[in-house]
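Beneath this line is the structure, given in structure tokens, with notes to follow.
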Amino acid sequence: MLTAGKRLAVFSIREGKGGSVWVRAGSAFVNKDGSLNVLLDVLPLDGKLHVREAGDKKDTVQAGGGGRYGVDGGLDSLPVGGHS
């Protein structure tokens, strides 16, 4: 149920040879009137976005590798910054 103040996660889902790859595209927040504010960090190549309730940070990494978003160690393991 969408209630005011609820935090949502926005994803772009890409189909690949090995299955689906979920890429975190941004966040969304429910307003008091039930409308959404969507904040995107990236734009999907196919123009499609998937919005769902945001999980806890501890839920983003699953045992067995690969992580919830198709990245070992989850999104927090990705390098940040300029070029190497």
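The values are calculated or read from the model by the stated rules, or taken from the named source; none is laboratory data. Predicted model, so just to flag it, every value in this text is computed and none were measured. All Cβ positions, even for glycine, are placed from backbone atoms using ideal geometry, and neighbour counts span all protein chains on display. Each accessible area value is taken on the protein alone, full model and side chains, heavy atoms only, with ligands, DNA and RNA left out. Shrake-Rupley method; radii C 1.70, N 1.55, O 1.52, S 1.80 Å.
Among the residues examined, Ala25 qualifies as modelled with pLDDT of 90 or more and touching a Pro at 6+ places or on another chain (Cβ under 8 Å).
Of the residues making up the stretch 51-77, those that are open to solvent by 80 Å² or more (accessible area, probe 1.4 Å) and modelled with pLDDT under 65 are Lys57, Lys58, Gln62, Ala63, Gly64, Asp72, Asp76. Scanning the stretch 1-36 for residues that are touching an Asp or Glu at 6+ places or on another chain (Cβ under 9 Å) and without any contact (Cβ under 8 Å) to a residue 24 or more places away in the chain turns up just one, Gly26. If the condition is being among the β-branched types (Val, Ile, Thr) and either assigned to a strand (DSSP E or B) or surrounded by 14 or more Cβ atoms within 10 Å (Cβ to Cβ) (or both), then the stretch 1-50 contributes Val10, Ile13, Val21, Val23, Val30, Val38.
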